[in-house]
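Engineer: Next up is a structure, given as structure tokens.
The values are calculated or read from the model by the stated rules, or taken from the named source; none is laboratory data. Computed from a prediction, not measured in an experiment: that's the story for all the values here. As a convention, Cβ positions derive from the backbone with ideal geometry for all residues, glycine included, and neighbour counts pool all protein chains shown. Protein only, heavy atoms only, side chains kept; ligands, DNA and RNA dropped before computing areas. Shrake-Rupley method; radii C 1.70, N 1.55, O 1.52, S 1.80 Å.
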Amino acid sequence: MLRNYFKTAIRNLLRYRGHALINLIGLAVGLAACVLLFMVVQYERGYDRSQPDYHRIARVVTATRFPDNTEYNPGVPFLMADALRADYPGLTVGNLYASYGSQVTVLGRDASHASYDRKFIEPTGVFFADPDFFRVFHYAWLSGSAAVLKEPNQVVLSRGLAEKYFGSWQAALGQFLKLDNILTLQVGAILENPPAHSDFPLNLITSYVTLQHHDGYGYTTDWGSVTSNQQVYVRLPEGQSLAGMDRQLARFGQVHYDGERRQRTSHFLQPLSEIHFDDRFGNLGDHVTTRSTLWTLSLIGVFILVMACINFINLATAQAINRSREIGIRKVLGSHRRHLFWQMMGETALLVSVALLLATGIAQLCLPFIKHIDSISEPLSVATPQTLLFLLVTGLVVTALSGFYPALVLSGFNPMLALKNKITSAQIGGISLRRGLVVTQFAISQVLVIGTLVAVTQMNFVRHADLGFDKTAVFVLSTNADSVARTRQPAFKQDLLRLPGVQSLSLCSDVPSSDNNWGTNFAFDHRPDETFNLYLKWGDEDYLRTFGLQLVAGRNYPPGDTITGVVVNETLVRKLGLKSPQEAIGREIRLGSHRNPWKTITGVVRDFKTNSLREEIRPMLIATRSNFYSMASVKLRSRNLQASTAEIHKVWDRYFPEYAANSFFMDESINNFYRQENQLSLLYKIFAGIALLISCLGLYGLASFLAVQRTKEIGIRKTLGASAGQIVLLFSREFTLLVLGAFVVAAPLAWYLMQHWLDNFAYRIRLGAGVFALAIGASVLIAWLTVGYKSVKAALANPVRSLRSE
């Protein structure tokens, strides 16, 4: 019997190969999309889950409360780790300091080697850690142990970095490196490469005691100084809860802080399981993925799968009338309903199995392109136990969802009616269900279409928004801010200004818009400290001119190596309660401690975007302070950028032969702010296209069903004088109403979801009616094109044959 069922299934698939092919395409594309989304979600959820006692590891973070907001910082004071060890002996506490843009020079066996031929800027940063950090986290050691980090000037390399610097990790042991041209380090141990999906890219780790003994990295014993680079991680003892430890940390601040900081500053634990998903703090890796994003991806996958199943039901029931005689004969010859039911389910399982194989191949072919929709750098494979299990379970679910209703309907045919070809829509559940399913499909696709239009429009707005400064053709070179580099910077600047392609240049600590947030407490006009932080950027007297910042009151600050005067932005003026920028001119401001001198405000600049457009503009101060100049920002004449940058690098090599040139264009750096939003926008485009494809297949299935069901009606209408155009209009009107009904369902849901997404941006588009009108217009047009073929074919059919078929 099984052999007979199998042969019948193959014959039916070949006989109705058009419908079978549509089903196969819909299922294969839907399953491939689901598999890819599953792999992305699994990858993102797997960050650092390989760590033993994953749920007992946490990061100590800082919250600073102000009257109008709370600021979060992943960093803590440098003394935090020692204080935690003293106050809570049961905790395992590890220090980790991250340094970005640091240069590594390979010296080899001779620590006095003076050649600078092999120098590198490590893109993932370099780190300082104490031995206890490796009691909190587990890493595999190829040689040596964390004990080497007890000694100063020791460095641990990952296998990959050791092979990059010395050819093999075995050869690296005992050799020397120079960090930032100020620290000579000896390789004391080798780690296995950290996992690719980890927020701790620990490839170069220097002993933390080295940091403490050198002032080049900002180490301080001031409890009021907090940098996001200095982080502390803890492993809780058995039986200690995160909530319990948080309550103890609330008291910790009362002991170690004084004055206003005691009231404003608190610390709590951020579980390791949340670090990759909490965008309040960020992490040491290359991106944060919020849980809402993963839920969005999962829901898109479920929707795509549901749409593919709806297609199958529509096409299978539309085909049911063609198989009524077969079912009637089988019943007359003794087949029971359950046998017919499982026969139909078997046919569905066969088709789903073929679709699964196709989907696996499609997914494998698409994997190299997955990096465009997610920050996944390592190669992935479909052939993993988790993915194969997902495919198996999904195949069973799809078979059940797709096959149950059609199998139930076909197996329930009355044999006498089936043999007399009198099966009608009443016997197969009518067309109301299929109409409802098509409405569901188009509602899902329209949600994705509206989401795509909103995301694309918002990202276009971001790309063309007025940032308050000129970002075009600004070429930035990161330099070291050590004393040796600073002595060469003035001459370096003058030589660059002589190049014909250079328009202006500023030595500075930071560009106007970046992820850097150097904040401090401050006082204004000899009043007590203000209740919000002031953010700082240091630049020479050409800073405003180079970046096109516009003064709205006063003048620029004069040149100097220390603070000679300060320029502030309009946001600070407003937050200070001043009525106009002019009122700020000549007033004095004090940064940090009450012992610091007061400085005069010489000018106010028009507000510029200090961070990404996700955030409000921060109150900002700009002034000269040459010991923090770590960038040379060069405004180029945009005639031949490539030739100009090549000339700049030649001058760099002449002045800084021992420093690697780390350069970028400012507009590219700003675009990196929105990498994840751009990826999400691309993902919406892809899956909106897939949803529309599957919806159109479903619409075609319903058109096929209606064309069969209304054969006699069409014949009568044509006999009574209806034209082909009127018949086409009859079909199109019905499908237009279905698409409009779907829009009524989709519009409120899409508005809610995209309004929530836009809330992530402080500066955003207005969600108006235009987006929704475009979405419904596109959907109606696509529906007309989809049903057009079947409508025209039905309208042009010979009415005599249509009436005889009844």
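Engineer: Placing +1 at every Lys and Arg Cβ and -1 at every Asp and Glu Cβ, with all other atoms neutral, what dipole size does segment 614-704 have around its Cα centre, in debye to the nearest 20?
Structural biologist: 220
Engineer: Just the number, please: percent antiparallel of the DSSP beta bridges in segment 513-658, rounded to the nearest 5.
Structural biologist: Once the DSSP bridges in segment 513-658 are tallied, antiparallel ones form about 65 percent.
Engineer: Another one. Sort segment 460-539 into rounded, prolate or oblate with this rule: let a ≥ b ≥ c be the square roots of the eigenvalues of the Cα gyration tensor; rounded if a/c is under 1.5, and if a/c is not under 1.5, prolate when a/b is larger than b/c, oblate otherwise.
Structural biologist: In terms of gyration-tensor shape, oblate.
Engineer: Is the shape of segment 154-199 rounded, prolate or oblate, going by the alpha carbon gyration tensor and its root eigenvalues a ≥ b ≥ c, with a/c under 1.5 for rounded and a/b larger than b/c for prolate?
Structural biologist: Cα axes put segment 154-199 in the oblate bin.
Engineer: Set the Förster distance to 30 Å, then compute FRET efficiency between ARG463 and ARG637 from the Cβ-Cβ distance, nearest 0.05.
Structural biologist: Between ARG463 and ARG637 the formula returns 0.85.
Engineer: Label-point separation (nm) for ASN627 and ASP117, each offset 7 Å from Cα along Cα-to-Cβ?
Structural biologist: It works out to 3.8 nm between the two label points.
Engineer: Of the cross-linked pairs LYS178/LYS650; LYS119/LYS471; LYS119/LYS650; LYS119/LYS371; LYS371/LYS635, which ones have a Cα-Cα span greater than 26 Å in the structure shown?
Structural biologist: LYS119/LYS471; LYS119/LYS371; LYS371/LYS635
Engineer: What full-extension length gain, to one decimal in nm, is calculated for ARG527 and LEU367 as 0.36 nm per residue of separation minus the Cα-Cα distance?
Structural biologist: 51.6 nm
Engineer: Oh, and also: Let's test the formula: R0 of 51 Å, r as the Cβ-Cβ distance of ASP653 and ARG614. What FRET efficiency results, to the nearest 0.05?
Structural biologist: Using R0 = 51 Å, I get an efficiency of 0.85.
Engineer: Follow-up question, since we're still on this one. Please report, as a whole percent, how much of the solvent-accessible surface of segment 60-170 comes from carbon and sulfur atoms (probe radius 1.4 Å).
Structural biologist: 49
Engineer: So, taking all protein chains as they sit and a 1.4 Å probe, how much accessible area belongs to VAL566, in Å² rounded to tens?
Structural biologist: Estimated to the nearest 10 Å², VAL566 gives 0 Å².
Engineer: Mind giving me the FRET efficiency for ALA646 and TYR100? R0 is 25 Å, r the Cβ-Cβ distance, nearest 0.05 is fine.
Structural biologist: According to the calculation, E is roughly 0.45.
Engineer: So how much slack lies between ASN516 and VAL354, counting 0.36 nm per residue of separation and subtracting their Cα-Cα distance, in nm?
Structural biologist: Length difference between fully extended and current span is 53.1 nm.
Engineer: Sketch the reach of a paramagnetic label on GLN186 as a point 7 Å from Cα along Cα-to-Cβ, and name the residues of segment 113-134 whose backbone nitrogen lies under 19 Å away.
Structural biologist: 113-114, 129, 131
Engineer: Using per-residue counts of other Cβ atoms within 10 Å, averaged over each peptide, order 504-514, 771-781, 352-362 from highest down.
Structural biologist: Top of the packing list down: 504-514, 352-362, 771-781.
Engineer: If you average the alpha carbon positions of segment 456-535 and of segment 269-307, how far apart do those two centres end up, in angstrom?
Structural biologist: Here the answer is 32 Å between Cα centres.
Engineer: Pull out the extension gain between ARG261 and HIS594, defined as 0.36 nm times the separation in residues minus the alpha carbon to alpha carbon distance; nm, one decimal.
Structural biologist: Contour length minus Cα-Cα distance gives 118.5 nm.
Engineer: Measuring from label point to label point, each 7 Å out along Cα→Cβ, what is the PHE664 to ALA250 span in nm?
Structural biologist: 4.0
Engineer: Tell me whether segment 184-328 comes out rounded, prolate or oblate; compute the Cα gyration tensor, take square roots of the eigenvalues as a ≥ b ≥ c, and use a/c under 1.5 as the rounded threshold.
Structural biologist: prolate
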